[in-house]
1. Listing Ile27, Ile6 from the residue with the fewest other Cβ atoms within 10 Å to the one with the most, what is the order?
2. Which whole-number percent gives the relative contact order of the stretch 6-45, counting Cα pairs below 8 Å spaced six or more residues apart?
3. At a Cα cut-off below 13 Å, give the aspartates and glutamates reachable from Lys14, other chains included and same-chain residues fewer than 8 away excluded.
4. If each residue of separation counts as 0.36 nm, what is the full-extension length gain between Ala26 and His41 once their alpha-carbon separation is subtracted?
5. Quick one: work out Rg over Rh on the C-alpha atoms of the stretch 6-45, Rh as Kirkwood radius.
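What follows draws every value from the coordinates through simple rules; no lab data is involved. These numbers come from a predicted model, not from an experiment. Cβ: placed from backbone, ideal geometry, glycine included. Neighbour counts: every protein chain shown.
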Amino acid sequence: MKKKPIKVRLIGKKGDSYQIQFPDLAIPVNVDETVYQKMLHSKEYEFGHSFTKAKRPTYSA
């Protein structure tokens, strides 16, 4: 039986660590650069798009 990759998303970077949101956790997990790079290139994790985009002001008339 083949395992499906865990869908995670990058929330942001805080200092030297990356904040990764896992589907069943209420708070993000902080990982360092080495772990983040391993996760990016691993078949066990699938990174999705972050939904926490900053709102930008519109200057339309």
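1. The fewest-first ordering by Cβ neighbours comes to Ile27, Ile6.
2. The normalised contact order for the stretch 6-45 reaches 33 percent.
3. By straight Cα distance, Lys14 reaches Asp32, Glu33.
4. Taking 0.36 nm per residue and subtracting the Cα distance, the gain is 2.9 nm.
5. 0.94
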